[in-house]
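Enquirer: Supplied in structure tokens, the structure appears directly below.
We did not get these values from a lab; they are worked out from the coordinates using the rules stated. All values reported here derive from a predicted model rather than from experimental measurement. Heads up, the Cβs are rebuilt from the backbone with ideal geometry, glycines too, and the neighbour counts pull from every protein chain shown.
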Amino acid sequence: MAALLCSPNKLRRSVLLVGVALMLGMHLSAATMDKDIELIWGASHTYFFMDGETESLALSLDDQQGSCFRSKDMYLYGTISMEIKLVDGNSAGVVATAYTISEGPWSYHDEIDLEFLGNETGQPITLHTNIFVNGVGGREQQFYLPFDPAADYHTYTIEWNPKYILIKVDGKAIRAFKNYEEYGVAFPTWQQQRVYGSLWDADEWATQGGRVKTDWSEAPFVAYYRNYTFAWCQPSPGVSWCGAEPKDSARFDLDQRTLDDLRAASDQYMVYDYCSDHKRFNESEFPTECSLQRQGI
């Protein structure tokens, strides 16, 4: 859903704001945000500033205009990481995002979404995650975070390799989407993606299913991004790049710590999982990966 927000014919009240930056490199490196991103909408509603010695980006949203930007470079397999401090106070109806998306026709695009759904003061902000492959999404998982994400910066990471997509918060994995192509489940393996992010008005659906609307008397809403990094996926020794990793390689298998983190996130913080939504799917209609996960494959 996030990808629609930066399309001119999809703007709602022209309220968009995006902030993520990356630097192309073979090792982990911080992005120079004012050089490595391009503003797509509303440059007047974004500004760079120095937060101590750290270059940061502030995104603001009001009832008139927002903005959108994207990374200049595109990537296929790697680790994207950024620190974000979300909108403080009453953020109901407001959604901040960080996501990757391929270019080309919407009908077969790939996308990895992190969307932070605002809420009334004192209520938890929901981290909504989704994955689109070849134009098909519907793979939503949602989490409450074990901290106030508006009180301080926290690190959010997308790790994308040929075997898994991992989503991490402060270095701990909360979600894994496995490559089940051998079982007929599509996985993003061939389309490069840019990085986007946004701060926009989504009060039609974001907070309690759209029952709580954006209070524009609280505007401008502001979120902050800093310390964006990108690291190319590293293959096994002797392998030219991650896309050439042998199918039987254990290079990207999950270690015990990651498995423990995923289990803890599922038990303690997950509030929605499409693979458990019996109102949405009959037992025979669940996506194939759901049954494979239940079998421990």
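Enquirer: Taking amide H positions as placed in the peptide plane 1.01 Å from N, state which residues far from Arg175 in sequence (5 or more) or on other chains have amide H under 5 Å from it.
Expert: Under 5 Å from the amide H of Arg175 lie the amide H atoms of Ile167, each far enough along the sequence or on another chain.
Enquirer: Further question: Can you give me the relative contact order of the chain as a percent, contacts being Cα pairs under 8 Å and 6 or more apart?
Expert: 25
Enquirer: What value, in deg cm²/dmol to 500, does the helix sum -39500 (n - 2.57) over DSSP H runs of n ≥ 4 give at 222 nm once divided by the residues of the chain?
Expert: Dividing the helical sum by the residues of the chain leaves -2000 deg cm²/dmol.
Enquirer: Also, I was wondering about something else. Can you give the extra length, in nm with one decimal, that the chain gains between Glu283 and Asn134 once fully stretched, where that is 0.36 nm per residue apart less the Cα-Cα distance?
Expert: Gain on stretching Glu283 to Asn134: 51.2 nm.
Enquirer: Once phi is turned into θ = phi - 60°, what whole-Hz ³J(HN,Hα) does the Karplus curve with 6.51, -1.76 and 1.60 give for every residue of region 199-213, x standing for Gly and Pro?
Expert: Going residue by residue, I get 9, 8, 8, 10, 6, 6, 8, 6, 10, 6, x, x, 6, 9, 9 Hz, with x marking Gly and Pro.
Enquirer: Same structure, new question: Between (1) 128; (2) 138; (3) 181, which entry matches volume of the Cα convex hull per residue in Å³ as derived from the coordinates of this structure?
Expert: (2)
Enquirer: Turning to a different aspect of this structure: Go ahead and set up a Gaussian network model of the chain, Cα springs under 10 Å, then flag whichever of Ile40, Ile84, Ile158 fluctuates most.
Expert: Comparing Ile40, Ile84, Ile158 in the GNM, the peak value goes to Ile40.
Enquirer: Here's a follow-up. In whole Hz, with x marking every Gly and Pro, tabulate ³J(HN,Hα) for region 289-297 from phi via Karplus 6.51 cos²θ - 1.76 cosθ + 1.60, θ = phi - 60°.
Expert: Running phi through 6.51 cos²θ - 1.76 cosθ + 1.60 with θ = phi - 60° gives 5, 5, 5, 5, 5, 5, 7, x, 7 Hz.
Enquirer: Between region 257-272 and region 226-251, what is the separation of their alpha carbon centroids in Å?
Expert: Taking the Cα centre of region 226-251 as reference, the centre of region 257-272 is 25 Å away.
Enquirer: Give the angle, between 0 and 90 degrees and rounded to the nearest 10, that separates the Cα long axis of helix 256-268 from the longest principal axis of the Cα atoms of the chain.
Expert: 50
Enquirer: Whose amide H sits under 5 Å from the amide H of Ile40, counting only residues 5 or more places off or on another chain, with H placed in the peptide plane?
Expert: Here Cys68, Phe69, Arg70 satisfy the definition.
Enquirer: Hey, another quick one. With a cap of 16 neighbouring Cβ atoms within 10 Å, and only residues DSSP puts in a loop, list the chymotrypsin sites (Phe, Trp or Tyr not before Pro) found in region 118-173.
Expert: On the way: sites: Phe132, Phe143, Tyr144, Phe147, Tyr153, Tyr156, Trp160, Tyr164; in loops: Phe147, Tyr153.
Within region 118-173, the qualifying chymotrypsin sites (Phe, Trp or Tyr not before Pro) (loop, at most 16 other Cβ atoms within 10 Å) are Phe147.
Enquirer: Further question: What are the ³J(HN,Hα) couplings of region 83-96, residue after residue, when phi is run through the Karplus curve with 6.51, -1.76, 1.60 and θ = phi - 60°? Round to Hz, x for glycine and proline.
Expert: Once rounded to whole Hz, the list reads 9, 9, 10, 7, 4, 8, x, 6, 10, 3, x, 9, 10, 9.
Enquirer: Of Lys35/Lys172; Lys85/Lys168; Lys85/Lys213, which sit over 24 Å apart, Cα to Cα?
Expert: Working: Lys35/Lys172 30 Å; Lys85/Lys168 16 Å; Lys85/Lys213 22 Å.
Where the Cα-Cα span goes over 24 Å, the pairs concerned are Lys35/Lys172.
Enquirer: With a cut-off of at most 13 other beta carbons within 10 Å, and DSSP calling the residue loop, which trypsin sites (Lys or Arg not before Pro) in region 228-276 qualify? Please list them.
Expert: Lys247
Enquirer: Also, I was wondering about something else. Compute the signed sum of charges (Lys and Arg +1, Asp and Glu -1) over the other residues within less than 11 Å, Cβ to Cβ, of Tyr272.
Expert: Net local charge, Tyr272 excluded: -2.
Enquirer: In the chain, what percentage of the DSSP-assigned beta bridges are antiparallel, given to the nearest 5?
Expert: 100
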